[in-house]
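Here is the structure we will look at.
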Amino acid sequence: MSDATAEAMMTIKAEPADAGPRALRGALLCGMLAVAVVIADVWWVGLRAAVDLNSRAFNPLPLFVVVCAAVLGTTALISGVVHTLRHHKFGGSELTVSEPRLGGHLKGLVRTTRDLAAPAGFRARLRCDLHTSMTNSRGGRTSGTTCLWESVRAVPATTNSSTGIPIEIAIPANGLASGVRKKRSGTDERVTWALEIAAPLRGLDYYAEFAVPMNAGPSRTAGESASVPFAGGEAPRSTRWKWLLRGLAMFGALVAVAGAFGIADELRSTRVVGHVTAYRSGTLDVAIDGSGQPPVTAHVTRLPVRTQRERGAAVALICGEVKDGTYSCDPDAGLRWWIQTGVAMSVGLGMLLTAFALWRRRRWWA
């Protein structure tokens, strides 16, 4: 670090202190949007038409908006909670380095507000990403990010993070400088560099990312590019692991929550037996046994293929509350329903456990 301190230094912060609260505010806005859409839909078409998929007045557009808002809100909520917990536990992080250039070294110190006891040490990863935006056949824009190059270095556990985690990584001379590359017809390309510092800790792992402005080397101007960037270097690991982690966490949570709501609704409902009185227009009318004279009638619309439809046939139902003298019922699938729900819950929990394992072993996907 003695050589680096003699040069012009720059300080780069990992993220602002309000990154977590901003993400939480975004989650709150998404939640408010979903609630507003539900209220407006119920006010416009009524409660039954808003929630009953079999209603003729049902409009799927509000449901689609609610689902999108819920997914975005859940993502923002998770991000906000993680950023808030991370900042509360570790404080801020900053990187002090000399001006990074192609063909040189990224040399400097990463300091944390609070000292971290990392038994396994720290891991530093410098990467170069290419962000591409192009016009597709439909006239819209398609965006993507590709990791062109990376270098990973281990830092011993004896390092005092509050004093400074030493970083020294060689930068290839045949790389690409930060900034916009030469634009082609309908395609925009932008190059960014980032330094990641991670350490496995008890509870929440330490992780910080710094945007590094990479300058061209002395023999190349900022607008020029190598004929074959990073030729001869090792191919970087795929970023698909990170997207796999996000997808597993999101869909696993949705499947697990849906299964939990289904089980709660099943336990809250009542099982009854009745006899078919009529079948018309896809609706099965069932007179509930023991419900008095005249018997209460259940109108069943969601019918499995093997449900008996002949007049007088015995039918087992699982019913909710009685409203206007009519039960809200569905055919009782018995053990088969519990098996299906159990499998769905197992899949959701399995996806969450897999996501947790990937998150704990950040070296698989970072």
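Odds and ends about this structure:
- Considering Ser98, Ser79, the condition of being in the same structural domain as Leu29 (by TED's automatic domain parsing) and surrounded by 16 or more Cβ atoms within 10 Å (Cβ to Cβ) is satisfied by Ser79 alone.
- Check on Val286, farther than 20 Å from Ala76 by Cα, out of contact with any Leu (no Cβ under 6 Å at 6 or more places or on another chain) and modelled with pLDDT of 75 or more: yes
- Filter result (hydrophobic (A, V, I, L, M, F, W, C) and in a strand (DSSP E or B)) within segment 76-108: Leu95, Val97, Leu106
- Contact map, segment 61-84: first residue more than 19 Å from Phe356 (Cα to Cα), second residue crowded, with 16+ Cβ neighbours inside 10 Å and of a type in the set (Val, Ile, Thr), Cβ cut-off under 8 Å, separation 6 or more or different chains; pairs are Pro62/Val37; Pro62/Val38; Val65/Val37; Val66/Val37; Val66/Val38; Ala69/Val37.
- Scanning segment 139-148 for any residue that is at pLDDT below 90, aliphatic (A, V, I, L, M) and within 30 Å of Leu116 (Cα to Cα) turns up nothing.
- Number of residues in segment 65-92 that are under 12 Å from the mean Cα position of the chain (by Cα) and on the phi > 0 side of the Ramachandran plot equals 0.
- Check on Leu24, touching a Gly at 6+ places or on another chain (Cβ under 6 Å) and at pLDDT 80 or above: yes
- Looking only at segment 199-213, residues that are part of a strand (DSSP E or B) and out of contact with any helix residue (DSSP H, G or I) (no Cβ under 9 Å at 6 or more places or on another chain) come to 5 in all.
- Residue among Thr112, Thr96 that alone is touching a helix residue (DSSP H, G or I) at 6+ places or on another chain (Cβ under 7 Å) and either among the aromatic types (Phe, Trp, Tyr) or modelled with pLDDT of 85 or more (or both): Thr112
- Annotation: Thr132 fulfils all but one of (1) under 28 Å from the mean Cα position of the chain (by Cα); (2) surrounded by 19 or more Cβ atoms within 10 Å (Cβ to Cβ); the unmet one is (2).
- Selection from segment 165-198 of residues that are at positive phi and either part of a strand (DSSP E or B) or at pLDDT 85 or above (or both): Gly179
- Matching residues, segment 298-333, being β-branched (Val, Ile, Thr), within 20 Å of Gly262 (Cβ to Cβ) and either surrounded by fewer than 17 Cβ atoms within 10 Å (Cβ to Cβ) or at pLDDT below 75 (or both): Thr301, Thr307
- Considering segment 278-297, and only residues there that are over 13 Å from Cys329 (Cβ atoms) and touching a residue at least 24 places away in the same chain (Cβ under 8 Å), the residue that is surrounded by the most Cβ atoms within 10 Å (Cβ to Cβ) turns out to be Tyr279.
The values are calculated or read from the model by the stated rules, or taken from the named source; none is laboratory data. Predicted model only: the values in this text are computed from it and were never measured. Note that we place each Cβ from the backbone using ideal geometry, even for glycine, and neighbour counts take in every protein chain shown.
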